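Structure first, then comments.
The values are calculated or read from the model by the stated rules, or taken from the named source; none is laboratory data. What you are looking at is a predicted structure, and each value in this text was computed from that prediction instead of being measured. Here the Cβ positions follow ideal geometry from the backbone for every residue, glycine too, while neighbour counts run over all protein chains shown. To get the accessible areas, we keep the full protein, side chains included, count just its heavy atoms, and leave off ligands, DNA and RNA. Shrake-Rupley method; radii C 1.70, N 1.55, O 1.52, S 1.80 Å.
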Amino acid sequence: TYDAWDVGQFEQYVRDLIVFGANSVELIPALKPDEPKNALMPLTPWEMTIRLSELLDAYDLNVWLWLPLTDGDVSKPEERHRVLAARAALFRSLKRIDAVFVPGGDPGDTPPPVLMPFLEEMTALLHQSHPRAEMWVSHQGFEIAERDWFYRYLKTEQPPWLTGVVYGPWTRDTLARTRAEVPARYRLRHYPDITHCVRCQFPVPQWDYAFAATLGREPINPRPRQQAHIHNLYAPYTDGFLTYSDGVNDDVNKMIWSVKGWDPDADVRQALIEYGRYFIADAFGERVADGLLALEENWQGPLATSEKVEKTLVQWQAMERRATDAVRSNWRFQQGLFRAYYDAYVRRRLLHETQLETAAYQRLRQAERVGADAAVKAAQAVLARPGSIAPCGRLRQRIEELGAALYKSVGMQLSVPLYKASGKERGAVLDFLDEPLNNREWLTARFWDILAMSDEPAQRAAIAEILHWEDPGAGGFYDDLGNMMKEPHLVRGRWEDDPGFIESAQDEFSFGRYPSGRLSWRTQAQTLYETPLRMRYTGLDPQANYVLRVVYAGRFNPIMRLVADGRYEVHGPIAAEDPPKVRAFPIPKQATQDGTLELFWHRVGRVARLSGGGSVAGEAIGAF
């Protein structure tokens, strides 16, 4: 939204934030005066930064700048001089700056031995125009050696120019350990990601793939109870927070954090009632509160068997019928309504596409009677049917209407081609209304391969492989990791204790990868940093020999080593391949002779900088 807003819209939103208790706003400033504006921007980024600093000063709000070091390699003297000169010009142009926050990574990725001396110089320039402004830094994205250097530097050098440390996404330590390592003279600020749902600091726990594939990373995402829990869990370690937001998709979460910041014991539903009364309509307070809580509950548990989603839609439709024109044109009301329709649409389409896939498998099972070619062509015809059904038609129309209304009312860009969203992962949920929710892309590719075969027995063998993909055989086990309904052997932690999954396993979803692969390859179990990915099996046959069939997939491509029972190596360092493939490894018999098996995947290297400890898409253990 923010690129589409004029100063008046920003002022109204600032007033909204103040009402719920905000005392600071962190700006993403332009780095140079000639930074171009896009077609939506009423002012250039430089002009808007200046105006917003003036606006916030008029309301006596603290003005923070988020200034990642992305515009030069400051290890080179000439680049260092240029970047410092640009920062000094920015500081001079702004009426008010209370604090500057420079992330160590995500983005930036500047090694701390280079970053910290640079920040000392930058602080001196900052104080020339804003003598009382504070300097803050985060250790986001630091590797182990970099993190340890950072902690030693703070302890031994005690830099007087530094005010505090920020704890943000992609910090490999827990907040508790960070507080213990950072000297007490430095304040510790939380920088919680309240805006994203997947591939982020606080992903939705055990999210259904259908939502992850369609709503994606930046949808309208009221998570009031979860956000309240996250705030209260970490508040004892911090001296306050500024939340990480990319727009108004997380508007409810912003207000919940402000309410909890003033009173950790504040009742969430009461806060939402006040939200509904103040922002939408006095008479709608309780209905809006219950509707927002219902939207959060929509995302809990398997979607196909959920009874919540349709009930939530009924709740919001009842409000829609009662709404005045003023309420219908209210963007906060439109957001809740949009999500209620979208969630229901996704569920109905999931049920329909699951039925189509089931029917296609039924056709394949007739291969022995009708022949492989005829069975495959019959299955092709089933999968080629339209992905939507009549009851979904009106839902889709209403979703598109509300998308247009949100663009008009608040500048929400829910589509790349229609509303100029900056990217598909940037809330462009309208562009994923037809995202496949079954295996039709993988099946279609396999069908063409089978039809190209000239040998009927080979065709039937390929069909059998499709039909029995998830069957590990007698005495075997199958897990589709990343799918909450099919990963019984994954060892998890408690979300309530570790909502950032720093020390526990999480479900992860690949975006835009493996387009002709199975859905099971697009969901993974993943751990971060040095935490091993762990699975546990019981009831094994002590006399049997077991083999592991496994698919390694995911966005980080970690290099992993697999060890059984903590001491028997199953395989040495291996990196995932793109596209993924099924690998097979015998399990040492010593590991299964007691009837129990534990598997540990350890990260021993990385392909991407911020790689996880392990990322496994699916696996089966079979006995023979």
Fill in the blank from the handout: If one compares the long axis through the Cα atoms of helix 144-157 with the longest principal axis of the Cα atoms of the chain, the angle in degrees, nearest 10, works out at 20 degrees
Fill in the blank from the handout: Each label sits 7 Å from Cα toward the beta-carbon; between Asn545 and Glu157 the label points are separated, in nm, by 5.9 nm
Completion exercise
Hull surface over four for the Cα convex hull of the stretch 1-68, reported in nm², is 4.5 nm²
Completion exercise
Here Rg/Rh (Cα, Kirkwood) for the stretch 401-444 equals 1.14
Exercise for the section: For Ala39, put the label point 7 Å out on the Cα→Cβ axis and report which residues of the stretch 411-431 keep their amide N under 11 Å from it. Expected result: 417-421
Fill in the blank from the handout: In whole µm²/s, the translational diffusion coefficient that Stokes-Einstein assigns to the stretch 312-470, given a Kirkwood hydrodynamic radius over C-alpha pairs, 4 °C and 1.567 mPa s, equals 71 µm²/s
Practice task
Identify all aspartates and glutamates with a Cα-Cα distance to Lys95 below 18 Å; exclude those on the same chain that are fewer than 8 residues away in sequence.
Solution key: Glu11, Glu26, Glu47, Glu54, Asp57, Asp60, Glu134
Practice task
Take the Cα of Lys589, step 7 Å along the line toward its Cβ, and report every residue of the stretch 532-564 whose backbone nitrogen sits under 17 Å from that point.
Solution key: 540-548
Fill in the blank from the handout: Mean projected area (nm²) from the convex hull of Cα positions in the stretch 246-314 is 5.7 nm²
Completion exercise
Neighbours of Gln270 by Cβ distance under 14 Å: Lys/Arg at +1, Asp/Glu at -1, summed charge -2
Exercise for the section: Give the Debye-formula value of log10 I(q)/I(0) at each listed q (0.12, 0.16, 0.18, 0.28 Å⁻¹), with one equal scatterer per alpha carbon of the stretch 51-100, two decimals each. Expected result: -0.33, -0.53, -0.62, -1.03
Completion exercise
Ranking Pro580, Phe501, Thr243 by how far each Cα lies towards the positive end of the charge dipole of the chain (+1 on Lys and Arg Cβ, -1 on Asp and Glu Cβ), the top one is Pro580
Practice task
Kindly sort Ile559, Ile256 by accessible area of their heavy atoms, largest first, with the probe set to 1.4 Å.
Solution key: Ile559, Ile256
Exercise for the section: Quickly work out the Gln270-to-Asp60 label distance, labels modelled 7 Å from Cα along the C-beta direction, and quote it in nm with one decimal. Expected result: 2.8 nm
Problem - Order by protection proxy (mean Cβ within 10 Å, highest first), peptides 201-214, 84-97 - result: 201-214, 84-97
Fill in the blank from the handout: Given all pairs of distinct Cα atoms, the stretch 1-119 yields a Kirkwood Rh in Å of 15.4 Å
Fill in the blank from the handout: Taking Rh as the Kirkwood radius computed over alpha-carbon pairs of the stretch 473-532 and applying Stokes-Einstein at 4 °C with viscosity 1.567 mPa s, one gets a diffusion coefficient in µm² s⁻¹ of 101 µm²/s
Exercise for the section: Based on the mean of other Cβ atoms within 10 Å per residue, sort peptides 446-459, 339-352, 104-117 so the most packed one is first. Expected result: 339-352, 104-117, 446-459
Problem - Translational D in µm²/s for the stretch 93-250 (Stokes-Einstein at 20 °C, 1.002 mPa s, Kirkwood Rh from C-alpha pairs) - result: 126 µm²/s
Completion exercise
So the angle from the long Cα axis of helix 7-19 to the longest Cα principal axis of the chain, reported in degrees to the nearest 10, equals 90 degrees
Exercise for the section: Give the Rg (one decimal place) followed by the Dmax (whole number) of the stretch 189-321, computed from C-alpha coordinates and expressed in Å. Expected result: 14.9, 46
Problem - Gyration tensor (Cα) of the stretch 388-489, equivalent ellipsoid semi-axes in angstrom - result: 40, 19, 13
Completion exercise
Net charge near Leu313 (other residues with Cβ under 13 Å of its Cβ; Lys, Arg +1; Asp, Glu -1) is +3
Handout entry: Extent along principal axes [Cα atoms of the chain; Å; largest to smallest]
Key = 82, 62, 46
Fill in the blank from the handout: The size of the Cβ-based charge dipole (Lys, Arg +1; Asp, Glu -1) of the chain about the Cα centre, to the nearest 20 debye, is 580 debye
Problem - Between the stretch 260-311 and the stretch 334-381, the alpha-carbon center distance in angstrom - result: 33 Å
Problem - Against the rule of thumb 2.2 N^0.38 Å, how large the Cα Rg of the stretch 121-177 comes out - result: 1.26
Exercise for the section: May I ask you to give the percent of accessible area on the stretch 4-154 that is carbon plus sulfur, with a probe radius of 1.4 Å? Expected result: 53 percent
Exercise for the section: Can you tell me the FRET efficiency between Glu297 and Gln9 if r is taken as the Cβ-Cβ distance and R0 is 35 Å, rounded to the nearest 0.05? Expected result: 0.65
Handout entry: Bridge type composition, the chain - antiparallel percent by DSSP, nearest 5
Key = 65 percent
Fill in the blank from the handout: For Glu435 and Ala235, extending 7 Å from Cα along the Cα-Cβ vector and measuring point to point gives, in nm, a value of 3.4 nm
Exercise for the section: Can you tell me the FRET efficiency between Ala318 and Glu503 if r is taken as the Cβ-Cβ distance and R0 is 51 Å, rounded to the nearest 0.05? Expected result: 0.75
Exercise for the section: Using only Cα atoms, find the angle between the long axis of helix 372-383 and the longest principal axis of the chain, and express it within 0 to 90 degrees, rounded to the nearest 10. Expected result: 30 degrees
Practice task
Over the chain, give the accessible area per residue in Å² for a 1.4 Å probe, as an integer.
Solution key: 41 Å²
Completion exercise
Projected area averaged over all directions for the convex hull of the alpha carbon atoms of the stretch 499-624, nm², comes out at 7.7 nm²
Exercise for the section: Assign unit charges at the C-beta atoms only (+1 for Lys and Arg, -1 for Asp and Glu), then state the dipole size of the stretch 390-433 relative to its Cα centre in Debye, rounded to the nearest 20. Expected result: 60 debye
Practice task
Within the set of other residues whose C-beta is less than 12 Å from the C-beta of Ala525, count the net charge using Lys and Arg as +1 and Asp and Glu as -1.
Solution key: -3
Practice task
Could you compute the FRET efficiency for Lys408 and Glu465, with r as their C-beta to C-beta distance and R0 at 56 Å, rounded to 0.05?
Solution key: 0.65
